[in-house]
1. Please work out which one of (1) touching a residue at least 60 places away in the same chain (Cβ under 8 Å); (2) more than 17 Å from ILE25 (Cα to Cα); (3) open to solvent by less than 50 Å² (accessible area, probe 1.4 Å) is the condition THR171 fails and give its number.
2. What pairs can you find where one residue is in segment 92-107 and farther than 16 Å from ILE33 by Cβ, the other is of a type in the set (S, T, N, Q), and their Cβ atoms are less than 9 Å apart, with a gap of 6+ or different chains?
3. So is LEU151 surrounded by fewer than 20 Cβ atoms within 10 Å (Cβ to Cβ), of a type outside the set (Val, Ile, Thr) and not in a helix (DSSP H, G or I) or not?
4. Can you report the number of residues in segment 42-63 which are open to solvent by less than 50 Å² (accessible area, probe 1.4 Å) and either modelled with pLDDT of 90 or more or not in a helix (DSSP H, G or I) (or both)?
5. Take LEU123 and tell me if it is part of a helix (DSSP H, G or I) and open to solvent by 10 Å² or more (accessible area, probe 1.4 Å).
6. With the structure loaded, tell me whether SER125 is among the hydroxyl-bearing types (Ser, Thr, Tyr) and within 19 Å of the chain's Cα centre (by Cα) or whether it fails that test.
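The values are calculated or read from the model by the stated rules, or taken from the named source; none is laboratory data. Just so you know, these numbers come straight off a predicted model, no measurement behind them. Cβ: placed from backbone, ideal geometry, glycine included. Neighbour counts: every protein chain shown. SASA here: full protein model, heavy atoms, side chains in, ligands and nucleic acids out. Shrake-Rupley method; radii C 1.70, N 1.55, O 1.52, S 1.80 Å.
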Amino acid sequence: SVFKKVYHGITARKSLQYFVLIAWIYFCSSVFIRSYTYHLINVMTWPDKSVSLLQGGWGSIVTFFAIIIAGSKSDKMGHKAMLIKIMWGVCIFLIVVNGTYALWYYQYYAGTALVLWNLADPLLSVCIFPILMGLCLKKVEGSQFTTYLALINLCDVAGSYITGWSLTIITAPTLGLICGMSLLLMLFTVKFWKNYAIIPDV
């Protein structure tokens, strides 16, 4: 049946190895951006309009150019290689931005970080979606790919839930730094997998 084939496709070793990487970066991204915007609005008392303008206005412009550039680079570099480079970029961004929390009080710094963050999602989409499509089994490609997208959305929802719960215990900068360090650990794990041929082509 279709459900059985989709299940086997998703739970195959190679599929799980790649999807763990993808799910984790989407989860960390969700946690960071929600905790960051919450902190700007509720702790630093930024107007909602200012945050929305940076994300939806300038952020949209940055996103448009990012998609064009990322598409051409991904085709030349290879989607899998680009995924690792983007993960490194997101990891370094999270560690630097959250490690320099004291500078969040400067609106230009915090606003620039918010706009630059809009690069993450389109860059990830450009290289991740082709990888997921390549993992899909023949004759159930559509169903399996849709399942991947649903699981990615679930990671985003889970990130929102964890953020709301975590912010009652720790601060947004600490939460963001934890996300950055966890990505760093994941990247070193991937390097170990590659060196010992546990995961191919990464």
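1. (3)
2. Qualifying pairs under 9 Å: GLN107/SER50.
3. Judged against the criteria, LEU151 is not a match.
4. Number satisfying all stated conditions: 2.
5. yes
6. yes
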